[in-house]
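Throughout, read-outs are computed from the coordinates displayed, never taken from laboratory work. Note that the coordinates shown come from a computational prediction; the quantities given were computed from them, not determined experimentally. Cβ sites come from the backbone with ideal geometry, for glycine too, and all protein chains shown count toward neighbours.
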Amino acid sequence: MVKRETVQVRFLGRDQIDVEFELEAQAIKEIKITAISGCSGFEQAARGLMAQINRDQSWPTVWTGADHAAILLRELVLRAVGRFQLPYQESELCHCRAVPTEVVDRAIISGCHSIESVARITSAGTSCGTCKPDTEKLIAYRLNERLI
């Protein structure tokens, strides 16, 4: 049985990708980009990923890189296989400074890969500090190289 799915990933209205793929017995029969926009690095990385998936007819199990393109494409693969789940689900990560989880996540995607750099950009964790472990978990999740 052939199953057709669509996955979308968007970041700050500048980088986005929509991918459509067909699965047959867990093998990827076809995958194509139906919409893409963003910087040249993001578009080049996305096209490289699509070529790899078409060649191997499977999802990559490891995805390296810590730039925003690599992080977003990792999210794309995780969404496609139904495994994307941020480790912190509350809408507000830092209650003392009223910093939404989405703001911290955007900072991580944009290049803040330490608690200190996230704090400088968002102010999360600069008061009582109880949110620092959750910030660490988000950073680790976004930068994890294992996909499947």
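A few comments on the model shown:
- Among Asp105, Asp56, Asp18: highest mean-square fluctuation, GNM of the chain, C-alpha pairs under 10 Å: Asp56
- Taking every Cα-Cα distance in segment 59-108 and sorting them into 10 Å bins from zero, the calculated P(r) comes out as 23, 45, 26, 6, 0 percent.
- Compared with the alpha-carbon gap, the fully stretched path from Ala51 to Ala27 is longer by 7.1 nm at 0.36 nm per residue.
- Reachable lysines, given that their alpha-carbon falls under 29 Å from the alpha-carbon of Lys29 and they are not under 8 places away in the same chain: Lys3
- Segment 64-148: GluC sites (Glu not before Pro) falling in loop per DSSP and having at most 16 other Cβ within 10 Å: Glu90, Glu145
- Based on the convex hull around the alpha carbon atoms, the chain presents an average projected area of 8.7 nm².
- The Cα-based radius of gyration and maximum Cα-Cα distance (Dmax) for segment 2-80 are 11.9, 35 Å.
- Long-range amide H partners of Glu92 with built H, under 5 Å: Thr101
- Rg followed by Dmax, in Å, when segment 92-143 is reduced to its Cα trace: 9.2, 26
- Selected from Val62, Val104, Val118 as most flexible by GNM, with the chain as the system and alpha-carbon contacts under 10 Å: Val62
- Longest DSSP-loop-exposure-free segment, trypsin sites (Lys or Arg not before Pro), the chain, at most 14 other Cβ within 10 Å: 15-82
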